[in-house]
Amino acid sequence: MQVLVLGAGQLARMMALAGTPLNIEIHAFDVTTGNIVQPITGQVIGQGLALAIDQADVITAEFEHIPDDILEQCAQSGKLLPNQTAIKAGGNRQREKALLKQAAVNSAQYAIVQSRDDLLTAIETIGLPMVLKSALGGYDGKGQWRLKQAQDIDHIWPELQDCLASSAQQTIIAEQFIAFDREVSLIGARGQDGSIVTYPLTENVHTNGVLSLSTSLDDLALQQQAESIFRAVAEQLDYVGVLALEFFDVNGQLLVNEIAPRVHNSGHWTQQGAETCQFENHLRAVCGLPLGSTQLIRPTAMINVLGLDSLPDALLAMEGCHVHWYGKQKRPGRKMGHINISADYSGELQRRLARLSQLLDKENFPALHKYD
Ligand code: ATP
Ligand code: MG
């Protein structure tokens, strides 16, 4: 099988690593350069998108911010999975909110803001504090503003106005601020035959809007709640592939924060912690193969490596510790790799995380230092 992935970053790379044992070959379309590349080496394969579409058995995506014309071109071939509607819902918060409403699942109350008057009305209906998010183009906490008190409007309105002016399709979503107890996500896969598998929930810690620590979670009641929401959203979209749902846990009730129509950073722990990792299951789903077991093998945590291209060798000497590099050029704050750490039971995993925090500095790994 040959799969063309839209996007040539670490997610395409990890799909290629997971696909190799199944004889699934991955070619990746680098949306910024227009090149078709081998996603592990970055080597340009040297053919245009049209030919790559022709040669692929299946086309999928590693990110949701794909230009409409490219998505349309891929959809026309009849090979695109998940479908265009699902990918676009992940890349546009307005579509996403409408989808969540259709699927009858709970999310934070919101209003559309196109003008200063809309913002004043939104404050009356939603209340303060609120979070303002650009509908298009936001990721890793970018394109977001917090509004705590009405007198701060003058301060942020010029930025909101610039954002609205950036494109005719751009809009702002004003969202109720949720005082959550914790953030969790559910990663699952839906096959071409409609079968669904889901991984154990993941608890996520974000630092400055970016995911820093994910830990597999064992909570039966919350798991059942998340799985029924997953089913509702995946079936509403007639989804095929891996889908990630991010939630706020408020007193045991889950509110959907956002959906990601792809493999997800909070699912990287499945490489060491689950019977079949999310990358393999995504490929199985889009290629029409049976889905693999999502059974937890061992409690596992994932730590993102941001802006660094080396780690102490001592990490590799630790039992249950695995390092995954993405082969990218170092830039401040850039996702460069991740660490997966596993143990036979969760008490031992907490001890190993504490040991890891002694090897990794607080500045670069703030979430880890709660284990100090
Ligand atoms: P991602 O990298 O996951 O795509 P993103 O930039 O698209 O992130 P969100 O997931 O919507 O944006 O927001 C990033 C983080 O900001 C959330 O994980 C959460 O910690 C916080 N946040 C977002 N919306 C709210 C809200 N309504 N109330 C409280 N906190 C929020
Ligand atoms: Mg998010």
Residue-span extension gain [GLN192 to THR125] - 0.36 nm each, minus C-alpha spacing: 20.0 nm
Three semi-axes of the equivalent ellipsoid, the chain, Cα gyration tensor, whole Å, largest first: 30, 27, 21
MRE, 222 nm, helices only [DSSP H, n ≥ 4, -39500 (n - 2.57), over the chain, to nearest 500]: -9000 deg cm²/dmol
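I need the semi-axes of the equivalent ellipsoid of the stretch 38-176: take the C-alpha gyration tensor, multiply each eigenvalue by 5, square-root it, list largest first in whole angstrom. Could you put the intermediate results ahead of the total?
Numbers: eigenvalues 262, 56, 30 Å².
Here the semi-axes work out to 36, 17, 12 Å.
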Lys, Arg +1 and Asp, Glu -1 on Cβ, resulting dipole of the stretch 13-137 about Cα centre, debye, nearest 20: 360 debye
Additional length obtainable on full extension of the chain from ALA314 to TRP157, 0.36 nm per residue less Cα span: 51.6 nm
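Ordered by packing density, taken as the mean number of other Cβ atoms within 10 Å over each peptide's residues, highest first, how do 185-195, 5-15, 109-119 rank? Can you show the working numbers first?
Numbers: 185-195: 20.6, 5-15: 24.3, 109-119: 15.9.
Per-residue Cβ counts within 10 Å, averaged per peptide and sorted highest first, yield 5-15, 185-195, 109-119.
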Choice from LEU308, LEU160, LEU245 showing the highest fluctuation, given a GNM over the chain with Cα pairs closer than 10 Å: LEU308
Translational diffusion coefficient (Stokes-Einstein; Kirkwood radius from C-alpha pairs) of the stretch 99-171 at 25 °C, 0.890 mPa s, in µm²/s: 186 µm²/s
The chain: relative contact order in percent, alpha carbon pairs under 8 Å with at least 6 residues between: 13 percent
Hits among lysines - C-alpha to C-alpha of LYS133 under 17 Å, sequence gap 8 or more where chains match: LYS88, LYS97, LYS142, LYS148
Contour excess over end-to-end distance, with Cα ends at SER167 and GLU72 and 0.36 nm allotted per residue: 32.3 nm
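What range in the chain is the longest one free of GluC sites (Glu not before Pro) that are in a loop by DSSP and have at most 15 other Cβ atoms within 10 angstrom?
Working: sites that count: GLU275, GLU319, GLU363.
Between the exposed loop sites, the longest stretch runs 1-274.
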Binned Cα-Cα distances of the stretch 188-328, short to long, each 5 Å bin given as a whole percent: 2, 9, 18, 22, 20, 14, 9, 5, 1, 0
Solvent-accessible area of HIS324 with every protein chain in place, 1.4 Å probe, in Å² to the nearest 10: 40 Å²
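The values are calculated or read from the model by the stated rules, or taken from the named source; none is laboratory data. All figures in this text were calculated on a predicted structure; none of them were measured in a lab. For neighbour counting, all protein chains shown are included, and Cβ atoms are generated from backbone atoms with ideal geometry for every residue, glycine included. All accessible areas refer to the heavy atoms of the entire protein, side chains included, with ligands and DNA or RNA removed. Shrake-Rupley method; radii C 1.70, N 1.55, O 1.52, S 1.80 Å.
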